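The values are calculated or read from the model by the stated rules, or taken from the named source; none is laboratory data. Just so it is clear, the structure is predicted and the values come from calculations on it, not from any experiment. Reconstructed Cβ throughout: ideal geometry from the backbone, glycine too, with neighbour counts over all protein chains shown. The protein model used for the area step is the full one, side chains on, heavy atoms only, and it has no ligands, DNA or RNA in it. Shrake-Rupley method; radii C 1.70, N 1.55, O 1.52, S 1.80 Å.
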Amino acid sequence: MKTEPLYLNDSYLKEMDTEVLEVLPEGEGRFRIILDKTVFYPMGGGQATDQGKLEGENWTREVYQVLNKDGEIWHFVKANIPPKVGLKVHGTINWDRRYKNMKLHSAGHIIDFAMHLLGLSPKPLMPLKATHDKNPHIVYQGTLTEDIKQKLEDKSNELVSQNLKFTWYFQSLEDLQKEAIYLVPGLPINRPLRTLKLEDVGTVADGGTQVKNTGEVGKITIKSVENIDNAVMIHYSID
Ligand SMILES: [Zn+2]
């Protein structure tokens, strides 16, 4: 990857000074851009794309989406004239949007850690996937025979009220395997993996942006817990 992903080390960075490395046309009046480094989070891991602004000399545009494609982070802009390669730009993300997405993402992990503390994950229910956008939900493989909605909400909010610290660091898959509560299949073996740790609770692999303390998320509501085929779907929201 040509871009240094600043958001992986510091989820609270809102802006950066960088340089245009590559530009490709993306249909009529649109371009996609690779930057030397970025604070823009590309859509992925269930977290929505960042949006924001790139400002260079005589060239300022809104970034409407950021995607990880072919191993590169692409910033999509609407423009009739593309920026020149080498142009110095100042990038700023829409922080209100990011912070909301970040809290939703961390909330999903708090619920997942609560599932673990309740003895429900990774057995009998194995985490499959999650989405932390307008319709936030987590999906587990397996079937529930009891109604866990209230106790899951209580346990999640207990973690919020304890204001536990989230920390993150990089380590090899081998080391991560030793400490993670669970790992989803298919993690890369040839590069350090980002590890998310919740104080006193445990660690998982994670590549998204996170708040520093569970208290920042605020009250979590478990809206529904449903058995669907051989999966359990948990919908949630934050205030
Ligand atoms: Zn995550």
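The length gained by stretching the chain between residue 78 and residue 233 to full extension, at 0.36 nm per residue less their Cα-Cα distance, is 52.1 nm. Note on residue 95 and residue 184: with the Förster distance fixed at 35 Å, the Cβ-Cβ geometry gives a FRET efficiency of about 0.75. Overall, the ratio between the Cα radius of gyration of the range 47-123 and 2.2 N^0.38 Å, rounded to two decimals, is 1.57.
Using heavy atoms of the protein chains and a probe of 1.4 Å, the accessible area assigned to residue 103 is about 50 Å².
For the residue pairs 129/151; 69/129; 2/178; 155/223, alpha carbon separations beyond 24 Å are given by 2/178. Summary of the geometry: the range 108-160 and the range 178-212, compared by the centres of their Cα atoms, lie 17 Å apart.
Projection of the Cα convex hull of the range 121-180, averaged over all directions and equal to a quarter of that hull's surface, yields 6.0 nm². Residue 84 sits among other residues whose Cβ lies under 12 Å from its own Cβ, and their net charge, with Lys and Arg +1 and Asp and Glu -1, is -2.
With the whole protein complex present, residue 237 retains an accessible surface near 30 Å², based on a 1.4 Å probe.
Determine which residues of the range 43-74 fall in the zone a paramagnetic label at residue 134 would reach in this model, i.e. backbone nitrogen under 15 Å from the point 7 Å along Cα→Cβ. Only 48-49 pass the distance filter. Largest first and in whole Å, the equivalent-ellipsoid semi-axes of the range 4-93 read 19, 15, 11, each the square root of five times a Cα gyration tensor eigenvalue. Taking every protein chain into account, the accessible area of the chain amounts to 49 square angstrom per residue (probe 1.4 Å). Rg and Dmax of the range 99-238, both derived from C-alpha coordinates alone, stand at 14.3, 41 Å. Electrostatic tally near residue 149: other residues with Cβ closer than 12 Å to its Cβ, Lys and Arg +1, Asp and Glu -1, net -2. For residue 16, neighbours were defined as the other residues whose beta-carbon sits under 13 Å from its Cβ, and their charges (Lys and Arg +1, Asp and Glu -1) total -4.
Rounded to 0.05, the FRET efficiency of the residue 172 and residue 200 pair, given R0 = 25 Å and the Cβ-Cβ distance, is 0.55. Taking each of 53/78; 100/165; 134/165 in turn, the alpha-carbon distance tops 21 angstrom for 134/165. The base-10 log of I(q)/I(0) for the chain, evaluated at q = 0.11, 0.15, 0.18 Å⁻¹, reads -0.61, -1.01, -1.29 [Debye formula, identical scatterers on Cα atoms, solvent excluded]. The C-alpha atoms of the chain define a longest principal axis, and helix 95-117 lies at about 30 degrees to it.
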